[in-house]
Amino acid sequence: KSLAVLEQLNAFTKPEPLLQKAFRMPVQDIYKFSENNDDRRIVAGTIESGSVKIGDEVIFLPSQKESIIKNIEEFNVPQRTEARTPYASAVTLSKQIYIKPGEIMCIKDEALPLIASRFIVNLFWLGRSPMIKGKNYKLKLASTRVTAELAEIINVLDASELSSEGNKQQFDRHDVGECIIETSKPI
């Protein structure tokens, strides 16, 4: 049996470095300047994976708005042509578009994340009050905040007793389970 465990351990692979993954930057804020005829709109956030360079075509999700990176904006450093994970960064766009904090900036030609308002999740509930089916909760994903509802409970496991409970209508503290969450808007 130890050989099987050793084979399993040897089968593990290192995760792909974040720099090699598709570009993702959750938008934290948009800054508008107006002093001295400066009409820049600077999109700021922390790059979670990948890199972006001047001239890259980008798309913002879930709004689907598109533009091209005009400049990488940084304070008190030499001008750069590329920004990469894991650094906080800011960019200006060649076409002014109106987006909101919480959108995810991606490179248009790379694999894009899925957008949905209903999805299956595995959940470990730590709240003192139970998570009740049909009740609204606040969900945070990167810099997005949205109202979410526990739409359906698929399976619940009581982590303290390791017992499965079928047909349960809520998650109690320390319950683990699979459920369907529905958000008020696509994320």
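Within segment 124-143, count every residue that is open to solvent by less than 90 Å² (accessible area, probe 1.4 Å), under 30 Å from I59 (Cα atoms) and in a strand (DSSP E or B).
Step one: of segment 124-143, the residues open to solvent by less than 90 Å² (accessible area, probe 1.4 Å) are 125, 127, 129-134, 137, 139, 142-143.
So of that shortlist, the ones also under 30 Å from I59 (Cα atoms) come out as 137, 139, 142-143.
Those left that are additionally in a strand (DSSP E or B): 137, 139.
Total meeting the criteria: 2.
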Please list, ordered by residue number, the strands (runs of 3 or more DSSP E) wholly in segment 1-108 having 1 or more residues that are of a type in the set (D, E) and crowded, with 16+ Cβ neighbours inside 10 Å. 65-73
First in segment 58-83 and more than 19 Å from Y31 (Cα to Cα), second anywhere and of a type outside the set (V, I, T), Cβ under 6 Å, 6 or more apart: P62/P186; T81/K53; E82/S51; E82/K53
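The values are calculated or read from the model by the stated rules, or taken from the named source; none is laboratory data. Everything numeric in this text was worked out from a predicted model, so none of it was measured. Don't worry about glycine lacking a Cβ; one is built from the backbone with ideal geometry, like all the others, and counts go over all protein chains shown. For the accessible areas, the whole protein counts, side chains as well, though only heavy atoms, and no ligand, DNA or RNA atoms are used. Shrake-Rupley method; radii C 1.70, N 1.55, O 1.52, S 1.80 Å.
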